[in-house]
Amino acid sequence: MTMQSTEDSADGVELTTSGAVNPTTSPELQQQQSPKQNQQQSSNELSSSQIELFLTMHNRKLTRELNGPQKKKTKYHLVILLCFLILVYGLSSTYATTNTEKGATGGGGTGGNQQISITLTISQIVLIGLWIFIAIVITAIFGSSKFIHLLYWMLVYWPLLLVLASALVNDVLGSDTVWIVYMFIAAEVLTLVVFVCVNYIYPRFVTSSWFQKNGFARKWWRIRLLSDGTTIQYDGVWGRFSRKRYECRYIGEVNEEGLPHGKGVWSDDSYNGEILTGTWNNGHPIAPFSSRQYGGKGNTFAAVKLAFFMANDDSFEANKFMPTNDERPRCGVASVECSIAGDFMSNLPHASLIGDIQVEGERDITIGKLCKQLDDTGDALSAEEEAVTSLQISTNDPRGVQIDDHVYEQTGLSFTKRIKQIVIDVIRTKEDANKEAGYTNIATDEESPQLEEQKQQQIQMVSTTSDESASIQNIRLQVRDWTNVRTKDALIFIPGFNSWLQHSLETFGQMMAMTKLSQKVYPICFDWPGAQVLTYRYASLISASENNRRYFLQMLQSLKAEGITNIHIVTHSMGVQTLMNVFEDNSDGSPSAVSQCFGQAPSLQQDDDMTSSVANLDKLVCRSITMLNPDYPLKAFNEHGFQTLRRVTSLVTVVGDSTDQALWWSSFINGCVNTFGWSQPSALDYEARTDNKGMQDPLGRKIDSLYVDGSEDLDETIEFQNGENATSSRGDDESLKVWLDCDVIDTTGLDTNVNDLRHSAYSVNSILLRDIEDIVVTGKRASDRSTLLHKSGNVYEYCHAPSFVSF
């Protein structure tokens, strides 16, 4: 398996039926091989770099095999437990009854008709209840984990077998049961040892440098290089105990040591092997890349790169019990690999750091510059790749007309109301149809004559094509008075409560991997001090701290300094409290420092010319704000929270669920706080809070209540739907409802990929993900999105049938 270099990564790669890769791209690949690599091809000897790459990819394969896919929680283990209980107590009671009757008849016959009665003592009833409780807890917590089988055997199955064996020995044999206890202990220890060896010791041992350097890897899998110099043949995942041999291969760019580095393709034709296309870093695949499992359902995986901004003092793997953010903020880039089709693996999504976490602003490292690095591929774009071949024109933003990846020349903004027409020039570039670069290959000498003949036939076909048809293949579009700029918006994700950085990146990365948003935006995770379960109230308080506000402002300023001016914000759960606190007005009523970073959003009651004011030219543009299952007081949002958001954007979306269990607990805890009169951040306060005794209504559960009472004097600073002062009420006895100018999405009816808490479906529910993507990419309001139905007021719901419905 010789490491080769290519400029086009996976382009032109053809897979054979065995999973090997037949390269058909550039001839420079063979020319760039080092003498050492050519010598390896001729002698068919494996190098240390080839062995290292094999072990790296083998470890990925072994991890998938050991962890397996996530499975739906079923009653399988509970049914097995029930069968065990019936077996244990049924047989033990039967033997006890039989022995009693034998004793009554002097050991002779059965004494006529027998009646077998099963009786349970208090201790047995307690044990049955204990085992059922343990089984339910294990299933609930470890239902999709590899630990579930270990825990069932050690805590349920082996103890039950111990009871059964003890009862049988006592009743049938009448012998001592001490040896059974010893066997039980041995079985427990053996179960634990086997689990640890299979899942931890063996994978680390066979991928260790010691195992590689001493040649054991070559002997264990009987690895040999085939005559083509690129394909490795080896035994299965368990080495010499496997019954079949497989082949794997890498084609792509390499570093000086011969390890994959740059763009390349790996192919492995074993059942859990993969066909991985994308970016490599010193022998390891890193985002962005895509992969497909060779066997089974063809499970598909994708890895994306995310930037993150740490506004806390936590570590990458865990939150602090008492949240703090006294240290300077840090930033970095992470790679997140996710399952996106087929089976979803138990070990995914998985986030890992790319480089070190750096202090923001030190050594010329900022979050804005890290965002620009997300697009770095090491290759300069050609003129054809830079050419505009399609346009997306949007007129639904009140700020004005927008053309994707273009700015209006007179103002330098991405939108304008100054134009009355858009003129698009269609420019055709006439090129030589017989361009040799389009028919290059890296075939061996034996294959060259055949491919050369095929190439000449293709060139002849192109040369006979009319000039008009040939030029159509080289069209680019140019918009008059607009400049084509390759810029992206920034998508800032604010995670919820008790979500440490690694977990936040994994859920955010899953959302990005299952959409095409990474092609349109720079994904940024703003990691605030999320605390832990028992410090819920402290997390709420620190979200309003001065440091948290200042760090969010620092992140925005870093983005602006790099020319990233269009901002989208997505929050989840308690993350909305950080959002509301940074946008909260100052004590004198003036907009906050974060609000002043953004240009003023168009008002429904303003003249159109105000949106083109010079004051907004040097401001950031908040394209959308989306709140997912927000943990925020409903009345505080209606009274003052909404207007601080609507001031900077005309696209505010609230996604909620009236059966959200996590928000029910939030309402209960905050209701207790209100009852005892404890303080909370001013952004969460509202006029009637001190009078409320009991539960506090959260915004994410009361999704049909985003309105104000029309019978009272209305605040003129608040934007209402359609610019009207009132809408019709449901009945004559109800006060008029004035709906806020925002979109509310009711997800109560969704039942696909929605967990029991109904609080975190945003990362895996495809219906919700497509809608979020539509909001960010097109900027359409709910009334213009085809997947939504209007329910009432400003509330919409998805056109979605429950998963159990069939016709």
Requested in this report: Taking only region 163-211 into account, find how many residues are at pLDDT below 85, among the hydroxyl-bearing types (S, T, Y) and exposed (fewer than 12 other Cβ atoms within 10 Å of the Cβ).
Outcome: 2
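For region 330-339, check the following and say yes or no: at least one residue is in a loop (DSSP other than H, G, I, E, B) and either modelled with pLDDT under 95 or more than 25 Å from E65 (Cα to Cα) (or both). If you could, list the steps in order and put the result at the bottom.
In the first step, residues of region 330-339 are kept if they are in a loop (DSSP other than H, G, I, E, B); the result is none.
No: zero hits.
Taking the options N498, N581, name whichever one is among the polar types (S, T, N, Q) and open to solvent by 10 Å² or more (accessible area, probe 1.4 Å).
Details: N581 fails: open to solvent by 10 Å² or more (accessible area, probe 1.4 Å).
The unique qualifying residue is N498.
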Query raised in the report: Out of (1) surrounded by 19 or more Cβ atoms within 10 Å (Cβ to Cβ); (2) touching an Asp or Glu at 6+ places or on another chain (Cβ under 7 Å); (3) at pLDDT 90 or above, what's the single condition that is false for G262?
Result: (1)
Query - Counted residues, region 296-325 - those being open to solvent by less than 10 Å² (accessible area, probe 1.4 Å), over 19 Å from the mean Cα position of the chain (by Cα) and not acidic (D, E) - result: 3
Report summary line: Residues of region 750-792 being open to solvent by 20 Å² or more (accessible area, probe 1.4 Å), more than 29 Å from L391 (Cβ to Cβ), in contact (Cβ under 8 Å) with a residue 40 or more places away in the chain and touching a strand residue (DSSP E or B) at 6+ places or on another chain (Cβ under 7 Å), in sequence order, are K791
Requested in this report: Check V479 against each of (1) out of contact with any helix residue (DSSP H, G or I) (no Cβ under 9 Å at 6 or more places or on another chain); (2) at pLDDT below 95; (3) open to solvent by 30 Å² or more (accessible area, probe 1.4 Å) and name the one condition it does not meet.
Outcome: (3)
Requested in this report: Confirm whether T487 is at pLDDT below 90, of a type in the set (S, T, Y) and at negative phi.
Outcome: yes
Report task. May I ask you to list the residues in region 672-694 that are at pLDDT 80 or above and either part of a loop (DSSP other than H, G, I, E, B) or open to solvent by 20 Å² or more (accessible area, probe 1.4 Å) (or both)? Result -> C672, Q680, P681, S682, D685
Query - Residue in region 522-532 that is nearest to V621 (Cα to Cα), counting only those that are hydrophobic (A, V, I, L, M, F, W, C) and modelled with pLDDT of 95 or more - result: I524
Requested in this report: Report yes if G355 is open to solvent by less than 30 Å² (accessible area, probe 1.4 Å) and farther than 30 Å from A544 by Cα, otherwise no.
Outcome: no
Query - Odd one out for N282, checked against (1) buried (at least 20 other Cβ atoms within 10 Å of the Cβ); (2) on the phi > 0 side of the Ramachandran plot - result: (1)
Query - Any helices (runs of 4 or more DSSP H) falling wholly within region 197-301 and containing at least 1 residues that are aliphatic (A, V, I, L, M) - result: 202-206, 216-220
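Output the residues belonging to region 652-671 that are aliphatic (A, V, I, L, M) and at pLDDT 90 or above.
Result: V652, V654, V655, A662, L663.
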Query raised in the report: Among the residues of region 236-248, is any surrounded by fewer than 20 Cβ atoms within 10 Å (Cβ to Cβ), over 26 Å from E506 (Cβ atoms), without any contact (Cβ under 8 Å) to a residue 40 or more places away in the chain and among the hydroxyl-bearing types (S, T, Y)?
Result: yes
Report summary line: So, first residue farther than 12 Å from L46 by Cα in region 210-221, second residue small (G, A, S) and surrounded by 11 or more Cβ atoms within 10 Å (Cβ to Cβ), Cβ within less than 6 Å, six or more apart or across chains; the pairs are F211/A217; W220/G239; W221/G239
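The values are calculated or read from the model by the stated rules, or taken from the named source; none is laboratory data. The structure displayed is predicted, hence computed values, not measured ones. Please note: Cβ atoms are built from the backbone with ideal geometry, for glycine as well, and neighbour counts cover all protein chains shown. We work out accessible area using only protein heavy atoms, side chains counted, and drop any ligands, DNA or RNA first. Shrake-Rupley method; radii C 1.70, N 1.55, O 1.52, S 1.80 Å.
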